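A.B. asks: Quick one: structure below, then a few questions.
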Amino acid sequence: MEFSELIKLLGIVIVIIGFILKLEPILIVLLGIIVTAIVSLMDPITLLGTIGNSFVANRGMAIFILILLVTGTMERNGLRESAAKLIGKVKGANPGKVIGAYGIMRSFFAMFNVSFGGVAGFVRPVIMPMAIGAVEAKGVVPNEKHVDTIKGMSSGMENVAWFFWQVLFITGGGNLLVQSTLAGLGIEVELLELVRVVIPVAIFALVWAIVYYNLKDRALRKKYYGDAVDKTKE
Amino acid sequence: MTFTDGFTNPMVWFSDPAVATSQKLLEIMFIIMGLVCINSALRNLFDKENKAPIGSGIFWGALGIVLLSGRWLPHAVNGMLIVLMTLPAIFRKVKMGKSDVPTDEYTKNQAKKIGMKIFIPAFSIGISAIFFALVLPNLGAMVGVGVGVIISALFLMSFNRETKPTIFLNDSRRMLDVIGPLCMLPMLLASLGAVFTGAGVGDVIAQVVAPLIPEGNMTIGIIVYALGMVLFTMIMGNAFAAITVMTVGIGYPFVLALGADPVVIVMLALTTGYCGTLMTPMAANFNIVPVAMLDIKDKYAVIKNQIAIALPVMVFQIILMIALS
């Protein structure tokens, strides 16, 4: 391949280096844009026009700003506290069960584009005490490595549930981007069709995450606490 | 492209019968979103507690103008406004203003009073969006979100007499302040994708992968497209940056051009890309920041707990793409 062609990939290299150097994400993306324009000899007006045109075409992804008009006020009126109460209803809990229940709740709410404050706002103050408390309730001291795995799994559930279920929110950012990408290729698609396609993926991802995390948690409890857990019926 | 390309007179645009009603309603929603951002800009600009009033004002102000009037401004002017708004973000001059976050006591009290009813306004937006998509497809899901927000606000006002329109504005400003400049990243990544495409990056990638795909073999095309999405997402840290380039470079020429269903192929390519997001430290806000927030010793603990989920989900989706194509 010609060098003049391969050099066009320099923007991608810049993005990788930027992330490795932990630069500001917005700076990285801007550098990627500028470098790609320079190596492909794009004139400045076309570059600005391309940035502007695509940003405006994807303004729909900013729809969350409209939703924020009510999100803050929902939190003011106890959304997070009520969510904590809802998940607190999981009884006879062990860490795997708590994380699984959180996955179901988070997935369900993700379909409505509702989140409870992420790792800082919900996992740390609500899910962690419940999961670790469930171990302590069995009369054992939680093993440090088990606790770290519980934390990792909780964050994993947070991500998996949100990624694969928020695409079921019909005007989710990903869906709008797929629609506008296809429109750029001259193919018109309906948002509803896009949602329908990902339903089996969402279900598979959530079910597998729940099963896997429960198996993993059970194995770790057996490894670290042995009989202490087996005696109490789950 | 010339400097004035894209300029339209909004009055003419709104009175043009050829423009669909849903488009006009959508534009009104963008105007409201723009005003919400401009409200944030002005409040921060005159906020004595904001450590960077000018930077914050420029960022939210420029974003507000693009949202509000981007449809009618020349493309290049929008481009300049976007570059302008990245500057305070890059120099970390977008800061939070005076916070009027409700006390724990207040929210606990409200939770006691309102209880599970609070989920009604939480659900009304999504339900309204689906309702519009199914029953009023001419107006569409986006307009449904707008109507849903109004319904949600009405519920909130009926639950709590103290909830006045200014409360919504104050609370939304606080939320925007918390999210900060990263809220523009998805749109900026879409622009990166567009510049890649405009520069011909997609074509270069097509040339690179062409020898891997036997001519006319859709199954191999799908596998390369899906794995390309995962790999590119891992490199870029974000599936949004990957989908445009991969679709133009691989998805279109090697899969869609052979007659596959674009809805299935491209949508699942995006969610296959999400499997890449689960496996890369480049997606720091999802995979690395929680490690710090939860005080985990192993820096890659989140990723390690996600790989065994990402890989089966990836395989499942590739099979689904092949089966439904």
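The values are calculated or read from the model by the stated rules, or taken from the named source; none is laboratory data. Model, not experiment: these values are computed from the prediction. Counting neighbours? That spans all protein chains shown, and the Cβs are built from the backbone with ideal geometry, glycine included. Surface accessibility is based on the protein's heavy atoms, side chains included, excluding ligands, DNA and RNA. Shrake-Rupley method; radii C 1.70, N 1.55, O 1.52, S 1.80 Å.
A.B. asks: Just to be sure, is residue A:152 more than 21 Å from residue B:321 (Cβ to Cβ), without any contact (Cβ under 8 Å) to a residue 12 or more places away in the chain and in contact with a helix residue (DSSP H, G or I) (Cβ under 6 Å, 6 or more places away or on another chain)?
C.D. replies: yes
A.B. asks: Related question: Can you tell me which residue among B:288, B:309, B:235, B:222 is within 29 Å of residue B:194 (Cα to Cα), buried (at least 24 other Cβ atoms within 10 Å of the Cβ) and of a type in the set (A, V, I, L, M, F, W, C)?
C.D. replies: None of the other options fit; the residue is B:222.
A.B. asks: Another one. Kindly indicate whether any position in the stretch B:108-131 is in contact with an Asp or Glu (Cβ under 7 Å, 6 or more places away or on another chain), open to solvent by 80 Å² or more (accessible area, probe 1.4 Å), more than 30 Å from residue B:6 (Cβ to Cβ) and of a type outside the set (Ser, Thr, Tyr).
C.D. replies: Among the residues of the stretch B:108-131, at least one is in contact with an Asp or Glu (Cβ under 7 Å, 6 or more places away or on another chain), open to solvent by 80 Å² or more (accessible area, probe 1.4 Å), more than 30 Å from residue B:6 (Cβ to Cβ) and of a type outside the set (Ser, Thr, Tyr), which makes the answer yes.
A.B. asks: Oh, and also: Could you grab me the full set of residues in the stretch B:111-159 that are touching a Gly at 6+ places or on another chain (Cβ under 7 Å), more than 22 Å from residue B:176 (Cβ to Cβ) and not hydrophobic (A, V, I, L, M, F, W, C)?
C.D. replies: B:128, the sole residue that qualifies.
A.B. asks: Further, regarding this structure: Going by the structure shown, is residue B:162 assigned to a helix (DSSP H, G or I) and open to solvent by 60 Å² or more (accessible area, probe 1.4 Å)?
C.D. replies: Considered against the rule, which asks whether it is assigned to a helix (DSSP H, G or I) and open to solvent by 60 Å² or more (accessible area, probe 1.4 Å), residue B:162 comes out as no.
A.B. asks: Across the stretch B:137-154, which residue is nearest to the other protein chains (Cβ to nearest Cβ) among those that are assigned to a helix (DSSP H, G or I) and surrounded by fewer than 21 Cβ atoms within 10 Å (Cβ to Cβ)? So that I can check it myself, show each step before the final result.
C.D. replies: Residues of the stretch B:137-154 that are assigned to a helix (DSSP H, G or I), as a first pass: B:140-154.
From what is left, the residues that are surrounded by fewer than 21 Cβ atoms within 10 Å (Cβ to Cβ) are B:147, B:150-151, B:153-154.
Working: B:147: 11, B:150: 9, B:151: 9, B:153: 5, B:154: 10 Å.
Ranking the candidates gives B:153 first.
A.B. asks: Going by what's in this entry, would residue B:197 be described as among the polar types (S, T, N, Q) and assigned to a helix (DSSP H, G or I)?
C.D. replies: yes
A.B. asks: At least 3 residues that are more than 9 Å from every other protein chain (Cβ to nearest Cβ) and not hydrophobic (A, V, I, L, M, F, W, C) in each: list the helices (runs of 4 or more DSSP H) lying fully within the stretch B:212-325 that qualify.
C.D. replies: Once the helices (runs of 4 or more DSSP H) in the stretch B:212-325 are filtered for at least 3 residues that are more than 9 Å from every other protein chain (Cβ to nearest Cβ) and not hydrophobic (A, V, I, L, M, F, W, C), what remains is B:218-236.
A.B. asks: Return the residues of the stretch B:178-190 that are open to solvent by less than 20 Å² (accessible area, probe 1.4 Å) and either hydrophobic (A, V, I, L, M, F, W, C) or modelled with pLDDT of 90 or more (or both); say none if nothing qualifies.
C.D. replies: Hits for the stretch B:178-190 are B:183, B:184, B:187, B:188, B:189, B:190.
A.B. asks: Same structure, new question: Any idea which residue in the stretch B:191-204 is farthest from the other protein chains (Cβ to nearest Cβ), counting only those that are of a type outside the set (Ser, Thr, Tyr) and open to solvent by 20 Å² or more (accessible area, probe 1.4 Å)?
C.D. replies: B:203
A.B. asks: Within the stretch A:97-141, restricting attention to residues that are touching a residue at least 60 places away in the same chain (Cβ under 8 Å) and closer than 18 Å to residue B:286 by Cα, which residue is farthest from the chain's Cα centre (by Cα)?
C.D. replies: Among residues in the stretch A:97-141 that are touching a residue at least 60 places away in the same chain (Cβ under 8 Å) and closer than 18 Å to residue B:286 by Cα, the one farthest from the chain's Cα centre (by Cα) is A:99.
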